[in-house]
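Student: Shown below is the structure under consideration.
The values are calculated or read from the model by the stated rules, or taken from the named source; none is laboratory data. Keep in mind it's a predicted model, so treat the numbers as computed, not measured. Virtual Cβ from ideal backbone geometry, glycine too; neighbours counted across all protein chains shown.
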Amino acid sequence: MKKIAIINQRYGLEVNGGSEYYARLLAEHLDKYYDIEVLTTTALNYDTWEPYYAAGEETVNGIKVRRFPVERPRRVLKFRIINKLAELFCRLGIHWMDRYWVKEQGPFVPELVSFIREHLDEYDTFIFVTYLYYTTAMGLPEAKEKAILVPTAHDESCIYFPVYKEIFNSPRGIVYLTEEEKTFVQGKFRNEMILHDVLGVGIDIPENLKEESGKKKAVSDFCKKYRIEKEYLIYAGRVDSGKKCDEMFAFFQKYKELHREDAIQLVVIGKSVLNIPEHPDIDYLGFVSEEDKYAGIAGAKYLWLPSLYESLSIALLEGMALGVPGIVNGNCEVLKGHCKKSGGAVYYHDFKEFEHCMQRLLYMTEDDYANIRQKAKDYVEKNYQWESIEEKLVRMIG
């Protein structure tokens with residue numbers, strides 16, 4: 001049986017993040033085909049990389065996880081200054097600072113990189129999930145002949161740093177999550193010759209939510225537990241400005257000022273690094289269990305994704321699989337692509353368009369709402385099933 005290492009900056013049931021969640025799903029679904037081992041860090045939070053887990057080996061949902069200590073935490077204020085300088089230097093054609101930027105962004109785990117170098121022959125393939133962090137930027141060059149990159153890339157300033165040119169041009173294979181991601185990356189790096197495929201992710205929903213009776217009970221229990229009495233929009237994910245959550249709160253408060261009669265509230269799930277506004281119709285639940293997350297999404301009228309930078313958005317697809325249409329930021333090509341291809345979500349570019357979407361969606365007929373819900377479910381059913389994704393990935397690994 002081939003031995004496969006999956007590398008990601010954070011890993012664990014308590015970790016809140018898109019690429020991290022994808023890495024865990026990937027490990028658990030490939031486990032039936034290979035001897036899977038995850039190489040990761042002791043960090044739980046991406047903002048400081050402070051240790052949370054013990055260094056060494058453990059088993060998470062049946063997967064062997066090998067954790068390496070982060071040698072120094074990220075100093076948030078210092079990194080903000082370095083980030084601004086690196087962006088400026090890049091625009092000026094000065095490139096010596098980008099590798100320093102990678103180290104300061106972290107997680108700085110040279111021991112993990114050394115492990116890859118020293119144990120290269122013990123693994124058949126190394127799958128690096130997300131291009132951005134030190135774990136990939138410094139780890140992938142050590143194993144490029146055996147490396148498959150899942151870049152989770154989008155158009156952001158740091159992807160233009162020269163250090164990433166090698167990352168996108170040296171792996172044996174690249175797995176893109178959407179056609180929009182592939183178009184962007186290949187246009188930027190001209191790396192069409194590298195073996196690649198667009199695989200996405202399989203979307204699984206809990207068994208108890210597949211039947212209408214089970215879904216109703218789960219939603220009822222969720223609403224009672226968190227004292228939710230109105231129809232609600234839901235946001236599920238990391239709550240920070242990088243995900244445009246500050247804009248989301250501003251848009252929602254402005255909408256409620258203009259449409260006080262609309263009996264709709266905003267429920268927010270996930271770890272927050274923002275101050276949540278005090279508002280009678282904003283209900284912040286914090287980090288919740290997987291069971292509560294799915295029940296909360298299933299009970300929502302719509303799922304809101306305000307993010308500008310997404311390479312897939314598992315949260316949106318999970319909502320659509322549950323028949324919950326999306327409201328998304330149309331300035332993100334990936335999210336807009338889901339809308340156009342599915343008919344099960346709508347997009348906006350500014351507050352006026354958001355307001356229009358809300359009025360249209362909240363006051364559509366029952367038949368129209370049932371139609372958009374069905375389109376959302378059909379889109380996921382057709383395009384995001386693990387069986388076909390596993391088959392393609394196994395073929396790429398070889």
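Student: Which residue pairs have Cβ atoms under 7 Å apart, sit 6 or more places apart or on different chains, and have a first residue in the range 146-160 that is under 19 Å from Ile194 (Cα atoms) and basic (Lys, Arg) and a second that is modelled with pLDDT of 95 or more and assigned to a strand (DSSP E or B)?
Tutor: Lys146/Thr125; Lys146/Phe126
Student: If you check Gln385 against the conditions, is it closer than 17 Å to Tyr302 by Cα, in contact (Cβ under 8 Å) with a residue 60 or more places away in the chain and not hydrophobic (A, V, I, L, M, F, W, C)?
Tutor: Here the answer is no, as Gln385 does not meet what is asked.
Student: Okay, moving on. Which condition number in (1) modelled with pLDDT of 95 or more; (2) on the phi > 0 side of the Ramachandran plot is the one that Asn191 fails?
Tutor: Only one criterion in (1) modelled with pLDDT of 95 or more; (2) on the phi > 0 side of the Ramachandran plot is unmet by Asn191, namely (2).
Residues are listed down the side, and each one gets a yes or a no for (1) surrounded by fewer than 22 Cβ atoms within 10 Å (Cβ to Cβ); (2) not charged (D, E, K, R):
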position	(1), (2)
Lys340	yes, no
Tyr363	yes, yes
Asp367	yes, no
Ala370	yes, yes
Val380	no, yes
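Student: Looking at this structure, is Asp283 modelled with pLDDT of 90 or more, crowded, with 17+ Cβ neighbours inside 10 Å and either outside the structural domain of Gly17 (by TED's automatic domain parsing) or not hydroxyl-bearing (Ser, Thr, Tyr) (or both)?
Tutor: yes
Student: Residues that are outside the structural domain of Glu353 (by TED's automatic domain parsing), of a type outside the set (Ser, Thr, Tyr) and touching a residue at least 12 places away in the same chain (Cβ under 8 Å): list the helices (runs of 4 or more DSSP H) wholly contained in the range 178-267 that include at least 3 such residues.
Tutor: The qualifying helices (runs of 4 or more DSSP H) are 179-189.
Student: Do you know which of the residues in the range 32-51 that are of a type outside the set (S, T, N, Q) and out of contact with any strand residue (DSSP E or B) (no Cβ under 6 Å at 6 or more places or on another chain) is nearest to Pro151 (Cα to Cα)?
Tutor: Tyr46
Student: Right, next: Just checking, how many residues over the range 84-107 are at pLDDT below 95 and either touching a Cys at 6+ places or on another chain (Cβ under 6 Å) or within 30 Å of Leu25 (Cβ to Cβ) (or both)?
Tutor: Qualifying residue count for the region: 6.
Student: Next question. When the range 81-118 is examined, which residues are found to be basic (Lys, Arg) and closer than 13 Å to Cys158 by Cβ?
Tutor: Within the range 81-118, Lys84, Arg91, Arg99 meet the criteria.
Student: Please go through the range 68-94 and pick out each residue that is within 28 Å of Phe126 (Cα to Cα), in contact with a helix residue (DSSP H, G or I) (Cβ under 8 Å, 6 or more places away or on another chain) and either touching a residue at least 60 places away in the same chain (Cβ under 8 Å) or not aromatic (Phe, Trp, Tyr) (or both).
Tutor: Those that are within 28 Å of Phe126 (Cα to Cα), in contact with a helix residue (DSSP H, G or I) (Cβ under 8 Å, 6 or more places away or on another chain) and either touching a residue at least 60 places away in the same chain (Cβ under 8 Å) or not aromatic (Phe, Trp, Tyr) (or both): Pro69, Glu71, Arg74.
Student: Is it the case that the range 346-361 has a residue that's touching an Asp or Glu at 6+ places or on another chain (Cβ under 7 Å), surrounded by 20 or more Cβ atoms within 10 Å (Cβ to Cβ) and in contact (Cβ under 8 Å) with a residue 12 or more places away in the chain? Break it down into steps so the answer makes sense when it comes.
Tutor: Residues of the range 346-361 that are touching an Asp or Glu at 6+ places or on another chain (Cβ under 7 Å), as a first pass: none.
No, the range 346-361 has no match at all.
Student: Another question about this same structure. Given the conditions (1) part of a loop (DSSP other than H, G, I, E, B); (2) over 22 Å from the mean Cα position of the chain (by Cα); (3) at pLDDT 80 or above, and given that Tyr131 satisfies all but one, which numbered condition is not satisfied?
Tutor: With (1) part of a loop (DSSP other than H, G, I, E, B); (2) over 22 Å from the mean Cα position of the chain (by Cα); (3) at pLDDT 80 or above applied to Tyr131, the lone miss is (2).
Student: Still on this structure, please answer the following. How many residues does the range 181-196 contain that are out of contact with any Phe, Trp or Tyr (no Cβ under 7 Å at 6 or more places or on another chain), surrounded by 15 or more Cβ atoms within 10 Å (Cβ to Cβ) and within 19 Å of Leu26 (Cβ to Cβ)?
Tutor: Total satisfying the criteria: 1.
Student: Based on this model, can you work out whether Lys336 counts as out of contact with any Leu (no Cβ under 8 Å at 6 or more places or on another chain), surrounded by 15 or more Cβ atoms within 10 Å (Cβ to Cβ) and of a type in the set (D, E, K, R)? Don't jump to the end; show me each part of the working.
Tutor: Values: out of contact with any Leu (no Cβ under 8 Å at 6 or more places or on another chain): yes; surrounded by 15 or more Cβ atoms within 10 Å (Cβ to Cβ): yes; of a type in the set (D, E, K, R): yes.
Yes, satisfied.
Student: Looking at (1) surrounded by fewer than 20 Cβ atoms within 10 Å (Cβ to Cβ); (2) in a helix (DSSP H, G or I); (3) free of Cβ contacts under 8 Å to residues at least 60 places away in the same chain, which is the one condition that is false for Ile167?
Tutor: Failed condition: (1).
Student: Quick one: count up the residues across the range 56-72 that are surrounded by fewer than 17 Cβ atoms within 10 Å (Cβ to Cβ) and aromatic (Phe, Trp, Tyr).
Tutor: Residues that pass the stated criteria total 0.
Student: Same structure, new question: Cβ-Cβ below 7 Å, separation at least six or inter-chain, first residue in the range 13-28 and closer than 16 Å to Tyr131 by Cα, second assigned to a helix (DSSP H, G or I): which pairs?
Tutor: Matching pairs, first to second residue: Gly18/Ile314; Tyr21/Ile314; Tyr22/Ile314.
Student: Let me ask another. Could you tell me whether Thr48 is touching a Phe, Trp or Tyr at 6+ places or on another chain (Cβ under 8 Å), touching a residue at least 24 places away in the same chain (Cβ under 8 Å), closer than 28 Å to Ser272 by Cβ and polar (S, T, N, Q)?
Tutor: On the way: touching a Phe, Trp or Tyr at 6+ places or on another chain (Cβ under 8 Å): no; touching a residue at least 24 places away in the same chain (Cβ under 8 Å): yes; closer than 28 Å to Ser272 by Cβ: yes; polar (S, T, N, Q): yes.
When the stated conditions are applied, Thr48 does not pass them.
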